[in-house]
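The structure under discussion appears below in the form of structure tokens.
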Amino acid sequence: MLRLTGSFRYYFCSENVSFKYRHNGLASYIKCSLQRDPSNGDIYIFMSKNQQKLRVFYYHHRGFILTEKVLSEGKFLRPIYDESAKCYRMSWSDFVRMLEGIVPGKEYYRPTRCSEQDCESDLGQGVES
């Protein structure tokens, strides 16, 4: 089993993507809308409109993996788009805080700011929003 660590690149997908999409639908969304290769090993994070479901999608050993966490109460914290950095790229610690940091009544957190070099390379690949 793959362990998600800080060596991966994490991307929060800010658009509301249908949770009816499974492996092929999410791979198509990543390729067409984000203009990224879904099989490149990056981790893509999707949140439901009501912020109670979180999906994690990635490619590992010749196949796509889709995991989901559903809360019985509370909401996941939604990141805020960082205008100065121009991206939603997340660190591993931001990802862990998103999974673990459920604070009822709070709807947002500010992710760790990505470096200018990371954001500039992301901008050319359609990750900025």
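Does PHE57 satisfy being under 15 Å from the mean Cα position of the chain (by Cα), of a type in the set (Phe, Trp, Tyr) and surrounded by fewer than 17 Cβ atoms within 10 Å (Cβ to Cβ)?
no
Would you mention how many residues in segment 43-95 are aliphatic (A, V, I, L, M), in a loop (DSSP other than H, G, I, E, B) and modelled with pLDDT of 85 or more?
1
Can you tell me which residue in segment 29-41 is nearest to the chain's Cα centre (by Cα), limited to those that are without any contact (Cβ under 8 Å) to a residue 24 or more places away in the chain and either under 17 Å from GLU68 (Cβ atoms) or not in a loop (DSSP other than H, G, I, E, B) (or both)?
TYR29
Confirm whether LEU26 is surrounded by 14 or more Cβ atoms within 10 Å (Cβ to Cβ), at negative phi, modelled with pLDDT of 85 or more and in a strand (DSSP E or B).
It is false that LEU26 is surrounded by 14 or more Cβ atoms within 10 Å (Cβ to Cβ), at negative phi, modelled with pLDDT of 85 or more and in a strand (DSSP E or B).
Here are some residues: LYS69, LYS49, LYS20. Which one is without any contact (Cβ under 8 Å) to a residue 12 or more places away in the chain and surrounded by fewer than 18 Cβ atoms within 10 Å (Cβ to Cβ)?
None of the others qualify; the one that does is LYS20.
The values are calculated or read from the model by the stated rules, or taken from the named source; none is laboratory data. A quick note: this is a predicted structure, and the numbers were derived from the prediction, not measured. Quick reminder, even Gly has a Cβ in these numbers, built from the backbone with ideal geometry, and neighbours come from all protein chains shown.
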